[in-house]
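What follows is a set of notes on a single structure, which appears directly below.
No value in this document is a laboratory result; all are computed from the given coordinates. All figures in this text were calculated on a predicted structure; none of them were measured in a lab. Note: ideal-geometry Cβ built from the backbone for every residue, glycine included; neighbour counts use all protein chains shown.
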Amino acid sequence: MLSLQFVPYHEIEELGSARRVKKLLDIVKQDNIVLLQGRLKKEEEADLIAITMEEIDNKFKGIELAVVNPDKKTDGIIRNVKQNMVNLLLGDRQGFTIIGPASIVKDIKRDPDKIQLYTEEAKANGKGNSVKGRKKGT
Amino acid sequence: MFNAIRQFINKFFRNIFSKKKNIALGLYGPPNGGKTTLANKVCMDWLGEEMGTVSNIAHETREIQIKEEISLEKNGKVIKFNLVDTPGIATRIDYEDFLKAGLNEKEAKQRAKEATKGVIESIKWLDDVDAVVVVLDSTKDPYSQVNITIIGNLAARDIPVLIVANKIDLKKSSVKKIQAAFPQYEVIGISAKDGDNMDKFYEGLFEVFK
């Protein structure tokens with residue numbers, strides 16, 4: 001059975017970078033797949049990978065990670081500037097981020113607006129669980 | 001506009017900095033993309049000696065390797081840099097994968113432990129490189145989050161980037177897929193192993209250092 005835990009952005013909004021990453025990783029280490037509203041900062045994504053590496057042992061093998069973002073190129077300059085201001089003030093809530101434990105999620109195949117999540121059994125059958133994102137907005 | 005000003009300021013300070021010391025050119029990418037093969041090719045071409053060992057087993061490079069004072073010369077122009085070969089960045093490391101590759105249990109666990117440290121070192125070095133060549137395996141799906149996170153972090157730090165689509169000697173290679181995934185960057189298809197298209201790669205390096 002797959003356990004998916006939705007984390008709304010407001011739950012990590014007030015946390016500093018280190019605590020955000022720790023909170024998400026703690027959920028993943030309990031064999032849950034995190035579905036985070038929005039995305040981490042780019043530096044936090046790198047921190048997430050680094051902290052994951054620190055935690056790897058014989059039981060915890062790491063994570064699979066994917067971010068699905070709306071296509072900003074088609075939104076126009078003014079809308080992008082507005083969105084960047086909102087992201088700066090409130091955090092990037094557009095799109096979503098999936099983080100799964102490597103022992104459960106074997107692979108995440110990603111197109112710009114579609115992701116396929118392969119679990120151990122699904123990969124053996126050559127089938128993925130598909131999650132389709134929308135190109136604009138959420 | 002704000003970005004242009006910020007990039008100008010960063011470039012200005014980087015130029016001042018680069019006059020004091022050789023610039024650090026990092027080779028970044030996921031494991032088994034061919035970073036060390038490319039580093040060896042560059043070192044053989046310009047220094048006449050190799051840099052590190054390569055292997056089909058992932059995470060062969062588990063420590064940062066630096067070759068200092070490489071001088072590239074083309075049409076009377078010279079660029080000098082220190083080449084920084086980094087361990088491949090991954091989000092998962094399972095010692096059992098190394099068992100499957102033929103290592104014994106002790107070796108596999110040791111390799112996994114060293115590989116995790118290598119990834120952390122690579123990420124730390126993002127703050128110390130002045131320009132980066134991202135080495136991607138052109139036979140593989142370019143939309144992996146590791147690729148996106150590496151390139152996103154370099155962009156956030158305003159570090160100049162050249163993307164290399166390596167292994168064009170292989171049948172499944174697709175440079176176009178990588179170009180489609182990262183349209184805002186120059187992508188050069190090469191075979192570091194066979195030395196294909198290296199002239200184009202060196203031209204690309206001159207552009208990165210402009």
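Note down the net charge around B:Val187, summing +1 for each Lys or Arg and -1 for each Asp or Glu among other residues with Cβ under 12 Å from its Cβ. Kindly include the intermediate steps, with their values, before the conclusion.
Working: positive: B:Lys176, B:Lys177, B:Lys200; negative: B:Glu186.
Overall, the nearby charge balance is +2.
By average Cβ neighbour count within 10 Å, what is the ranking of B:171-179, A:29-37 from highest down? Before the final figure, lay out each step's value.
Working: B:171-179: 15.7, A:29-37: 17.4.
For the peptides B:171-179, A:29-37, the packing ranking is A:29-37, B:171-179.
How big is the charge dipole of region B:60-180 about its Cα centre, in debye rounded to the nearest 20, if each Lys and Arg gets +1 on its Cβ and each Asp and Glu gets -1 on its Cβ?
Numbers: 20 positive and 20 negative charges, 94 e Å.
Computed about the Cα centre, the dipole is about 440 debye.
Could you name the aspartates and glutamates whose alpha carbon sits less than 13 Å from that of B:Lys80, not counting residues in the same chain fewer than 8 places away?
B:Glu68, B:Glu69, B:Asp130
Work out the mean other chain Cβ neighbour count within 10 Å for the residues of A:40-50 and drop it here as an integer.
Averaged over the peptide's residues, the number is 6.
For chain B, what is the mean residue ellipticity at 222 nm derived from helices alone (per DSSP H run of n ≥ 4: -39500 (n - 2.57); sum divided by total residues; nearest 500 deg cm²/dmol)?
-13000 deg cm²/dmol
Show the residues, 5+ positions off or on another chain, whose built amide H is closer than 5 Å to the amide H of B:Ile163.
Long-range HN contacts for B:Ile163: B:Val134, B:Glu186, B:Ile188.
Report the per residue volume, in Å³, of the convex hull enclosing the C-alpha atoms of region B:22-208.
Numbers: hull volume 21.3 nm³, N = 187.
Considering the Cα atoms of region B:22-208, their hull volume per residue is 114 Å³.
Could you calculate the FRET efficiency of A:Ser17 with A:Asp57 from 1/(1 + (r/R0)^6), where r is the beta carbon distance between them and R0 is 22 Å, rounded to 0.05? Mind showing how you got there, number by number?
On the way: r = 24 Å, r/R0 = 1.07.
Plugging the Cβ-Cβ distance into 1/(1 + (r/R0)^6) gives 0.40.
Hey, how many Å between the Cα centroid of region B:35-65 and the Cα centroid of region B:148-210?
Centre-to-centre distance over Cα atoms comes out at 17 Å.
Residues of region A:48-67 with the amide nitrogen closer than 12 Å to a label point 7 Å from the Cα of B:Leu99, along Cα-to-Cβ, please.
Counting only backbone N, you get A:58-59.
In peptide B:120-129, how many Cβ atoms from other protein chains are near each Cβ within 10 Å, on average?
Partner Cβ neighbours, averaged per residue: 2.
What are the aspartates and glutamates whose alpha-carbon lies under 16 Å from the alpha-carbon of B:Lys176, with same-chain residues fewer than 8 places away excluded?
A:Asp111, B:Asp137, B:Asp141, B:Glu186
Which of the trypsin sites (Lys or Arg not before Pro) found in region A:30-60 are loop residues per DSSP with 13 or fewer other Cβ atoms within 10 Å of their Cβ? All intermediate terms of the calculation are to be shown ahead of the outcome.
Details: sites: A:Arg39, A:Lys41, A:Lys42, A:Lys59; in loops: A:Arg39, A:Lys41, A:Lys59.
When the trypsin sites (Lys or Arg not before Pro) of region A:30-60 are filtered for loop state and at most 13 Cβ neighbours within 10 Å, A:Lys59 remain.
Which one, B:Pro87, B:Ala112, B:Val187, projects farthest toward the positive side of the charge dipole computed for chain B from Cβ point charges (K/R +1, D/E -1)?
Selected residue: B:Val187.
Filter the cross-link list A:Lys41/B:Lys140; B:Lys77/B:Lys177; A:Lys109/B:Lys167; A:Lys22/B:Lys109; A:Lys59/B:Lys35; A:Lys41/A:Lys106 down to pairs whose alpha-carbon distance in this structure exceeds 28 Å.
B:Lys77/B:Lys177; A:Lys59/B:Lys35
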